[in-house]
Amino acid sequence: MTDSQSSSQFVPLVKRSQCTSMNVLYFDSTAPAKNLLDCATKRIYLAGDLSTIVNEVDNLPTKAIKKMVLASELLRSDSLALIETVQNRYRSK
């Protein structure tokens, strides 16, 4: 990826998703809206599945619950970034 591609096409996910002080996770902001929304939707469903597991399984260790909640938050955060990218495309028209 060239510097010009990196600045215009590949956008870093939000800081929370990076899990580090540097941006290492990017997505293609020029991907078709359908693909971005499909990806966002799948991540939202997965986040919901993790929440369901936490609610349905008895006697989960606190550490496991915290890890599942964090994973769910990261998936949700990624989804919002993708959805906002699509929304911004249509706002600017």
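Observations on the structure shown:
- Nearby aspartates and glutamates by direct alpha-carbon distance to LYS42 (threshold 15 angstrom, same-chain neighbours under 8 apart not counted): GLU73, ASP78
- Crossing angle, helix 62-91 versus the chain [Cα axis fit, 0-90 degrees, rounded to tens]: 30 degrees
- Using the Cβ of LEU46 as centre and a radius below 11 Å, the other residues enclosed give a net charge of +1, where K and R count +1 and D and E count -1.
- Relative to the longest principal axis of the Cα atoms of the chain, helix 33-56 runs at roughly 10 degrees.
- Correct option for Rg and Dmax of the Cα atoms in Å [calculated from the coordinates] among [x] 14.7, 39; [y] 16.5, 54; [z] 15.7, 51: [z]
- VAL24 - accessible surface, heavy atoms, 1.4 Å probe, Å² rounded to 10: 90 Å²
- Less than 5 angstrom separates the built amide H of LEU25 from those of LEU13, all sequence-distant by 5 or more or on a different chain.
The values are calculated or read from the model by the stated rules, or taken from the named source; none is laboratory data. This is a predicted model, so every value here is computed, not measured. Note that each Cβ is placed from the backbone with ideal geometry, even for glycine, and that neighbours are counted across all protein chains shown. Surface accessibility is based on the protein's heavy atoms, side chains included, excluding ligands, DNA and RNA. Shrake-Rupley method; radii C 1.70, N 1.55, O 1.52, S 1.80 Å.
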